[in-house]
1. Before I look further, what does region 99-171 give for accessible area per residue, probe 1.4 Å, in whole square angstrom?
2. Compute the accessible area per residue over region 9-92, keeping the other protein chains in place, probe 1.4 Å, unit Å².
3. Viscosity 0.890 mPa s, temperature 25 °C: what is the translational diffusion coefficient of region 99-171 from Stokes-Einstein with a Kirkwood Rh over Cα pairs, rounded to a whole number of µm²/s?
4. Tell me, what is the FRET efficiency for ALA35 and ALA61 to the nearest 0.05, using R0 = 30 angstrom and their Cβ-Cβ distance as r?
5. Run the Debye formula on the Cα coordinates of region 9-92, all scatterers equal and no solvent, and tell me log10 I(q)/I(0) at q = 0.13, 0.15, 0.19, 0.23 1/Å.
6. In whole percent, and with a 1.4 Å probe on the protein chains, what portion of the accessible area of region 9-92 is carbon and sulfur?
7. Could you state how much accessible area ASP58 has, in square angstrom rounded to the nearest 10, with a 1.4 Å probe and all protein chains kept in place?
8. Full extension from LYS80 to ARG18: what is 0.36 nm times the residue separation minus their Cα-Cα distance, to one decimal in nm?
Amino acid sequence: MCNGASTAAFPCFASYVRARGPVLLRTARALSANAWDAEDLLQTALAKTYLAWERIEDHNALDGYVRRALVNTRTSQWRKRKVDEFVCEELPEPDPVPAPDPAEQQVLRDAMWRAVLRLPDRQRAMVVLRYYEDLSEAQTAEVLGVSVGTVKSAVSRALGKLRDDPALTRAA
């Protein structure tokens with residue numbers, strides 16, 4: 001078992017990343033607007049985790065540590081975003097069209113995911129942590145450093161936006 005000793009740190013860390021990378025990438029993808037940003041976000045969070053590897057006492061709680069690093073890193077990016085970035089209805093370059101999938105559930109999942117991506121960053125983070133990561137309201141509040149009431153109200157507003165999203169009513 002990996003114990004954080006410096007000679008075993010890299011093999012243990014590499015083993016952890018191989019085992020948990022896909023799950024962590026899914027979380028990063030949920031916090032980011034596109035796959036490339038998600039990969040960059042995860043890479044940054046894993047770099048921070050590796051630097052702290054020997055200081056992490058409970059290696060059974062690594063997912064929580066990395067998840068917190070993901071949210072903190074993404075929050076820092078939100079705060080440092082460039083002034084020349086503007087929210088607009090249409091992107092300057094179109095998204096690649098996904099291959100058509102005949103399964104109705106997949107269509108609904110895709111529509112739901114697009115609707116989640118249209119949520120404001122903070123609401124998206126709360127919805128992702130509550131429903132995609134299955135955290136409680138208290139855990140979500142702790143990860144984001146806000147009160148439980150803030151989580152409840154923001155998630156309620158986000159769910160209202162999702163209920164009213166015309167793309168979801170067409171997909172259902």
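The values are calculated or read from the model by the stated rules, or taken from the named source; none is laboratory data. Values in this document were obtained by computation on a predicted structure and should not be read as measured data. FYI the Cβ positions are ideal-geometry reconstructions off the backbone, even for glycines, and counts take in every protein chain you see. Accessible surface areas use protein heavy atoms only, side chains included; no ligands, DNA or RNA. Shrake-Rupley method; radii C 1.70, N 1.55, O 1.52, S 1.80 Å.
1. On a per-residue basis, region 99-171 sits at 59 Å².
2. 67
3. Answer from the Stokes-Einstein relation: 190 µm²/s.
4. 0.65
5. For region 9-92 at q = 0.13, 0.15, 0.19, 0.23 Å⁻¹, log10 I(q)/I(0) is -0.45, -0.57, -0.83, -1.12.
6. Carbon plus sulfur share of accessible area: 54 percent.
7. The value for ASP58 is about 80 Å².
8. The LYS80-ARG18 span can extend by a further 19.3 nm.
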